[in-house]
Amino acid sequence: MKALILNSGKGTRMGHFTSQHPKCMTEIQGKETILSRQLRLLSQAGITKAVITTGPFAEALMDYCDSLELPLEYIFVNNDRYMDTNYIYSICLARDHLRDDDILLLHGDLVFEETVLDQVLEAETSVMTVSSTAALPEKDFKAVIAGGRITRVGVEFFNDAVMAQPMYRFRREDWAAWLEEIEAFCDRGETGCYAENAFNRISGRCPLFPLDVRDALCNEIDTPEDLAVISHKLRELANRTVYMCFSTDVVHSGHIAIINRAKKLGKLIVGVLSDEAVCSYKRFPLIPYEERKTLFANISGVYQVVRQDTLSYRENLEKYRADYVVHGDDWQEGFQKPLRDEVVEILASYGGRLVEYPYAREEKYRALEERMRFQLSLPDIRRSRLKKAIAMKGLITAIEAHSGITGLIAEKTIVYRDGKGSQFDAMWISSLCDSTAKGKPDIELVDMTSRFRTIDDIMEVTTKPIIFDGDTGGLTEHFVYTVKTLERMGVSMVIIEDKTGLKKNSLFGTEVAQTQDTIESFCAKLRAGKKAQKTRDFMIVARIESLILEAGMEDALTRAFAYVEAGADGIMIHSRRKDPAEIFEFVARFREKDPTTPLVVVPTSFHSVTEEEFRERGVNVVIYANQLTRSGFPAMQTVAKTILENHRAKEADAMCMPIKEIITLIPAED
Ligand code: SPV
Ligand code: MG
């Protein structure tokens with residue numbers, strides 16, 4: 001593509017501004033002139049050749065172009081009859097340089113925004129810039145539009161017309177038709193009219209489409225008044241701000257492409273989503289907030305990087321009042337739609353605008369995300385994340401998983417509501433559910449080898465951190481091996497309960513014979529476990545059974561402090577009462593003395609308490625310990641019965657997940 005810039009005019013209406021140099025050399029912003037701005041933007045857009053027609057002060061103009069030192073090749077064509085001809089004649093003189101190429105045609109006094117140039121260059125057809133929002137000018141160009149195409153361009157048309165600016169992009173075949181007619185005009189001596197007069201003759205075989213720039217800057221400077229208005233607009237442009245938000249921890253070419261477009265609209269402020277916000281709707285970020293912030297701060301053209309604490313843009317938009325918000329068009333539907341609606345509403349309240357670009361749904365980006373997710377499943381990375389998540393969020397949640405498929409449910413279930421995402425932070429490998437899945441009682445009968453196998457099945461298909469129900473931990477001599485194995489596998493936390501002898505499930509309480517370990521003996525087990533631990537972030541949590549076994553609150557508290565003293569990384573307090581009072585009392589009294597050690601609860605019986613209530617009271621981990629098992633197996637029983645009752649499967653079908661959905665639960669490996 002070649003640029004053709006018409007600079008043969010006298011510019012007499014500019015008064016003293018054109019007494020020493022051509023109009024295009026008039027300064028519009030500091031030392032920047034109309035011409036230097038045009039050429040700079042053209043070369044930034046990748047144009048390398050410019051044909052420039054000259055008239056008065058041709059030498060000065062040529063020297064000036066050289067002095068700009070831009071990577072542009074110039075061809076100057078002088079129209080020495082500039083006093084008595086119009087630019088139709090200048091184009092005719094330059095014709096041999098303008099064949100067999102696409103042409104970007106500009107008048108030399110046109111000042112435009114970079115985004116206007118981008119749109120013109122991206123157009124797939126021949127286009128002329130018009131503005132549907134500007135009033136029709138008395139004297140300047142207007143374009144008549146019929147059937148979506150421009151059929152006439154001139155100052156004299158007012159019907160079915162829009163304001164038009166002399167910036168065209170021509171496909172070579174369309175340009176050839178116009179150029180041929182321009183030559184015919186000049187051959188007949190018709191050199192005093194507009195080149196558009198020639199276009200109007202052949203518009204039927206030269207498809208030219210309007211490109212609506214609305215209120216973006218794209219105006220000619222004809223008078224000193226125009227100069228004042230445009231200089232002011234350029235100053236405004238320089239102060240415009242653009243806001244974008246990113247959650248990514250890898251910046252790929254798709255991000256760079258959208259950043260490059262956004263920064264053309266103004267000073268680009270990048271909101272970087274906090275780790276907590278990323279976790280809530282996507283996955284644990286591989287790179288923490290501070291590093292992601294630095295990543296964006298170092299991208300050229302990013303003006304400022306700020307923190308965005310929620311998925312909602314409200315706080316930052318109200319603070320920075322950005323003129324534009326830029327986003328991919330992927331949020332027009334799906335869970336992000338409420339976020340978009342809110343952005344539109346906030347922008348409308350102060351006159352900002354939303355600009356959306358097509359979202360790059362490329363396979364290589366999907367594959368990149370897959371690789372990032374795989375990283376999260378690696379033992380070291382998975383193990384260390386639970387501690388970080390507790391520190392980051394204050395309260396985390398875990399749900400029971402006892403197989404690959406329940407692991408996938410724990411991993412993938414996300415609920416979006418009001419522009420917020422919720423998902424479980426971790427998985428609980430429950431002794432009760434692991435045993436139940438194997439048809440065995442929860443009495444430490446399923447041995448560690450089998451329990452590790454369950455962990456491995458789950459780990460193979462998931463990335464979330466794992467909390468392992470270690471029952472009593474077994475003999476201290478065995479427990480030290482268990483700790484090392486769990487660490488090596490990438491488990492984040494083991495919880496062992498202070499019972500001894502034949503362990504039964506806590507939810508039986510005192511209905512069955514169960515013996516609580518002594519404080520000394522259990523502390524010795526904890527100490528041995530901590531000593532055996534090899535990695536930094538693994539956590540051994542002590543579970544107190546005093547309330548279950550009705551040994552009293554004082555016993556529970558005494559044990560809690562002793563266990564922390566022995567090195568426990570957290571305390572789980574259990575209860576089988578529906579009323580959460582004893583749990584609340586324990587938490588309150590523990591927190592009076594120990595504000596930091598993580599507290600874990602399993603609200604199977606006291607299930608009315610919300611996560612928020614637990615958080616406010618100082619709980620850090622909420623485990624939904626058995627709900628998938630308790631919901632899944634009864635459903636299976638009902639289906640089995642229904643088939644037996646009907647001697648066929650039809651009646652049970654409505655109770656079953658369609659095969660297609662089962663398949664979508666299981667990710668295909670590529
Ligand atoms: C389990 O899920 O196996 C537990 C929690 O240990 S509870 O069943 O409440 O004892
Ligand atoms: Mg258990």
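The values are calculated or read from the model by the stated rules, or taken from the named source; none is laboratory data. Here the structure is a predicted model, which means the values were calculated and not measured. Heads up, the Cβs are rebuilt from the backbone with ideal geometry, glycines too, and the neighbour counts pull from every protein chain shown. Side chains are part of the model used for accessible areas, which takes the heavy atoms of the whole protein and leaves out ligands, DNA and RNA. Shrake-Rupley method; radii C 1.70, N 1.55, O 1.52, S 1.80 Å.
Does D215 count as over 22 Å from D101 (Cα atoms) and open to solvent by 70 Å² or more (accessible area, probe 1.4 Å)? Give the steps one after another, and end with the answer.
On the way: over 22 Å from D101 (Cα atoms): yes; open to solvent by 70 Å² or more (accessible area, probe 1.4 Å): yes.
The answer is yes for D215.
What is the residue count in segment 518-571 for residues that are under 20 Å from S492 (Cβ atoms), touching a Cys at 6+ places or on another chain (Cβ under 9 Å) and of a type in the set (D, E)?
Residues flagged as under 20 Å from S492 (Cβ atoms), touching a Cys at 6+ places or on another chain (Cβ under 9 Å) and of a type in the set (D, E) within segment 518-571 amount to 0.
Just the residues that are over 16 Å from L273 (Cβ atoms), β-branched (V, I, T) and open to solvent by 20 Å² or more (accessible area, probe 1.4 Å), please, taken from segment 300-350.
Selection gives V344 alone.
How many residues are more than 23 Å from the chain's Cα centre (by Cα), within 17 Å of E276 (Cβ to Cβ) and surrounded by fewer than 17 Cβ atoms within 10 Å (Cβ to Cβ) if we restrict to segment 374-396?
Selection size over segment 374-396: 2.
Does S492 qualify as being under 20 Å from R559 (Cβ atoms) and in contact (Cβ under 8 Å) with a residue 12 or more places away in the chain?
No: the conditions fail for S492.
Might you let me know whether segment 608-627 holds any residue that is away from ligand 2 (no atom under 16 Å from the Cβ), more than 35 Å from the chain's Cα centre (by Cα) and assigned by TED's automatic domain parsing to the domain that holds F508?
Among the residues of segment 608-627, at least one is away from ligand 2 (no atom under 16 Å from the Cβ), more than 35 Å from the chain's Cα centre (by Cα) and assigned by TED's automatic domain parsing to the domain that holds F508, which makes the answer yes.
In this structure, is T397 within 30 Å of G439 (Cα to Cα), in contact (Cβ under 8 Å) with a residue 60 or more places away in the chain and out of contact with any Gly (no Cβ under 8 Å at 6 or more places or on another chain)?
The answer is yes for T397.
If you go through segment 486-518 one residue at a time, how many are surrounded by 17 or more Cβ atoms within 10 Å (Cβ to Cβ) and not hydroxyl-bearing (S, T, Y)?
Of the residues in segment 486-518, 18 are surrounded by 17 or more Cβ atoms within 10 Å (Cβ to Cβ) and not hydroxyl-bearing (S, T, Y).
Out of the residues in segment 430-476 meeting the condition of being charged (D, E, K, R) and open to solvent by less than 50 Å² (accessible area, probe 1.4 Å), tell me which one is farthest from ligand 1 (Cβ to nearest atom). Explain how you work it out, then say what you get.
So in segment 430-476, the residues charged (D, E, K, R) come out as 434, 438, 440, 442, 444, 447, 451, 453, 456-457, 460, 464, 469, 471.
Filter once more, so that each one left must be open to solvent by less than 50 Å² (accessible area, probe 1.4 Å): 434, 442, 451, 464, 469, 471.
On the way: D434: 8, D442: 6, R451: 11, K464: 17, D469: 5, D471: 7 Å.
Restricting to residues being charged (D, E, K, R) and open to solvent by less than 50 Å² (accessible area, probe 1.4 Å), the top hit is K464.
Looking at segment 187-208, is at least one residue in contact (Cβ under 8 Å) with a residue 60 or more places away in the chain and under 24 Å from E113 (Cα atoms)?
Checked against the condition, which is being in contact (Cβ under 8 Å) with a residue 60 or more places away in the chain and under 24 Å from E113 (Cα atoms), segment 187-208 yields at least one hit.
So, in segment 521-569, how many residues would count as being buried (at least 19 other Cβ atoms within 10 Å of the Cβ), under 44 Å from the mean Cα position of the chain (by Cα) and either among the small types (G, A, S) or assigned to a loop (DSSP other than H, G, I, E, B) (or both)?
The total comes to 7.
Out of the helices (runs of 4 or more DSSP H) lying entirely within segment 401-520, which hold 3 or more residues that are under 30 Å from W331 (Cα atoms)?
On the way: elements: 404-412, 431-437, 448-461, 476-489.
By residue number, 404-412.
Looking only at segment 444-484, how many residues end up being under 25 Å from K388 (Cβ atoms) and of a type in the set (A, V, I, L, M)?
7
Assess whether T54 counts as being outside the structural domain of N260 (by TED's automatic domain parsing) and in contact (Cβ under 8 Å) with a residue 40 or more places away in the chain.
yes
Open to solvent by less than 40 Å² (accessible area, probe 1.4 Å) and within 30 Å of K282 (Cβ to Cβ): is that true of S247 in this structure?
Yes; evaluated as a whole, the condition is true for this residue.
Return yes when T413 is among the hydroxyl-bearing types (S, T, Y), more than 15 Å from ligand 1 (Cβ to nearest atom) and under 24 Å from G473 (Cα atoms) and no when it is not.
Here the answer is no, as T413 does not meet what is asked.
What pairs come up if the first residue lies in segment 554-570 and is closer than 12 Å to V541 by Cα, the second is in a helix (DSSP H, G or I) and open to solvent by 20 Å² or more (accessible area, probe 1.4 Å), and their beta carbons are under 6 Å apart, counting only those six or more places apart or on different chains?
Within 6 Å, the pairs are A566/R527; G567/R527; G567/K530.
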